[in-house]
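Data first, discussion second: the structure below is written as structure tokens.
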Amino acid sequence: MTANISSQGVFSGAGTCASQLTIRHPDDWHLHLRDGEAMACVLPATAKQFRRAIVMPNLKPPVTTVEMAHAYRDRIVAALPAGMQFEPLMTLYLTDATTAEEIYKAAESPFVQGVKLYPAGATTNSQAGVSTLARCTAALAALEKTGLPLLVHGEVTDAHVDVFDREAFFIDEVMVPVRRDFPGLRVVFEHITTRQAAQYVTHESRLGSDGRPNLAATITPQHLLFNRNALFKGGLQPHWYCLPVLKREEHRKALLQAATSGLSQFFLGTDSAPHARHLKEMACGCAGCYSAPVAMELYAQAFELAGALDRLEGFASLHGPAFYGLPLNEGSITLEKREWTVPAELPFADGKTIVPFLGGETLPWKLVD
Ligand code: DOR
Ligand code: ZN
């Protein structure tokens, strides 16, 4: 299916005054769903927009085994409101102690689609993450052998590295060596935020014997639409704080260029990361933008900005399944050029509330229910 863009029923050309956009049903290739009551609160927002999502394993305790991933999957499926169609794609959390046997088990499981590398201390619930990849050679060799992708939070955590340079350092210090040592490893560079990462993934991705790229990247809506000025506009803005943190304008432009390039190694991953309002609006507030309720709307806005609405379907609905070797979704979604205001807050677990990304703001695109 190719993107069908119409203006009052007449094709108007991508990016110019289109009023409706219908694309094959999309997926979210990077999502935090949490657990328990919090998960029940946020799951419908994702299921409304996406057919499938790669669910991150950074729970407390982290999802480190296939058994835990299966149990987590069952809890997600049980929390899904009746009548909603949504398939959670599960991941394991890589630690220094992950065995090759667990990776082989994961590769055999019909539910596990990847293994997530969090450098220890890089972000929310990453304390149990990898101290050094030198401790993970058996697990990496098993990933290389099975073709199960390694999903990478690409930031070094050394205190001497400037927070805005963490991703660029990661490429040289971790990504290049690990892909040299394990040339058959399939890697997703998650939520890329810099020109360096966009260029690296553009130029270093190769097609495997199965015709699939061996290196891909997900890109969030906030990194396509905002630069780091948003963090400080009119005062400190905790709801724009996520990790990796927003970067300079030149990086946003490079990401938008990569996402709208049509290259199959770039695909949609919201990194929607819900935290209760009071845990964002505090000293030492949590990292993460809760973008699930506005995700496709924001991607449409970004692609329209780039004059590339005709490439949204590839990014949102085609490239991800091709990388993961999964079938394309049936059916479609329609987005309409119609202004609407994002709710300022929504109910969340424990009687608390959550602020959706861009809560209270007016957006130009709306998903048709
Ligand atoms: O901002 C983020 N929030 N980045 C991550 O990598 C983790 C996420 C979370 O789980 O809250
Ligand atoms: Zn994430």
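Annotation note: of Ala217, Ala198, the sole residue that is under 18 Å from the mean Cα position of the chain (by Cα), assigned to a helix (DSSP H, G or I) and within 23 Å of Thr157 (Cβ to Cβ) is Ala198.
For region 245-274, taking the residues that are away from ligand 2 (no atom under 16 Å from the Cβ) and of a type in the set (S, T, N, Q), the one that is surrounded by the fewest Cβ atoms within 10 Å (Cβ to Cβ) is identified as Gln257. Taking the criterion of being farther than 20 Å from Ala142 by Cβ and open to solvent by less than 40 Å² (accessible area, probe 1.4 Å), the residues of region 191-215 that qualify are His191, Ile192, Thr193, Thr194, Ala197, Ala198, Tyr200, Val201, Ser205, Pro213.
The set of residues from region 14-42 being farther than 20 Å from Ser332 by Cα, of a type in the set (A, V, I, L, M, F, W, C) and open to solvent by 10 Å² or more (accessible area, probe 1.4 Å) comprises Cys17, Ala38, Ala40, Cys41. Take Tyr324 and decide whether it is surrounded by 18 or more Cβ atoms within 10 Å (Cβ to Cβ), hydroxyl-bearing (Ser, Thr, Tyr) and away from ligand 2 (no atom under 16 Å from the Cβ). Criteria met by Tyr324. Looking only at residues in region 43-70 that are in a helix (DSSP H, G or I), more than 17 Å from Asn125 (Cα to Cα) and open to solvent by less than 40 Å² (accessible area, probe 1.4 Å), the one that is farthest from ligand 1 (Cβ to nearest atom) is Val66.
The residue of region 82-100 that is farthest from Phe170 (Cα to Cα), among those that are touching a residue at least 40 places away in the same chain (Cβ under 8 Å) and open to solvent by 40 Å² or more (accessible area, probe 1.4 Å), is Met84.
Please work out which residue is surrounded by the fewest Cβ atoms within 10 Å (Cβ to Cβ), limiting yourself to region 327-369 and to residues that are among the basic types (Lys, Arg) and assigned to a strand (DSSP E or B). Within region 327-369, the match that is surrounded by the fewest Cβ atoms within 10 Å (Cβ to Cβ) is Arg338.
Conditions (1) at pLDDT 95 or above; (2) under 22 Å from His223 (Cα atoms); (3) in contact with a helix residue (DSSP H, G or I) (Cβ under 7 Å, 6 or more places away or on another chain), marked per residue:
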position	(1), (2), (3)
His319	yes, yes, no
Ser332	yes, no, no
Ala349	yes, no, yes
Thr362	yes, yes, no
Val368	yes, no, no
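When we screen Leu231, Leu236 for residues that are under 30 Å from Ala344 (Cα atoms), more than 16 Å from ligand 2 (Cβ to nearest atom), open to solvent by 10 Å² or more (accessible area, probe 1.4 Å) and part of a loop (DSSP other than H, G, I, E, B), the only hit is Leu236.
The residue that is farthest from ligand 1 (Cβ to nearest atom), counting only those in region 124-156 that are farther than 14 Å from Ala106 by Cα, surrounded by fewer than 20 Cβ atoms within 10 Å (Cβ to Cβ) and polar (S, T, N, Q), is Thr137.
The values are calculated or read from the model by the stated rules, or taken from the named source; none is laboratory data. Everything quoted here is computed from the prediction, not taken from an experiment. Heads up, the Cβs are rebuilt from the backbone with ideal geometry, glycines too, and the neighbour counts pull from every protein chain shown. These area figures cover heavy atoms from the full protein model, side chains too; ligands, DNA and RNA do not enter into them. Shrake-Rupley method; radii C 1.70, N 1.55, O 1.52, S 1.80 Å.
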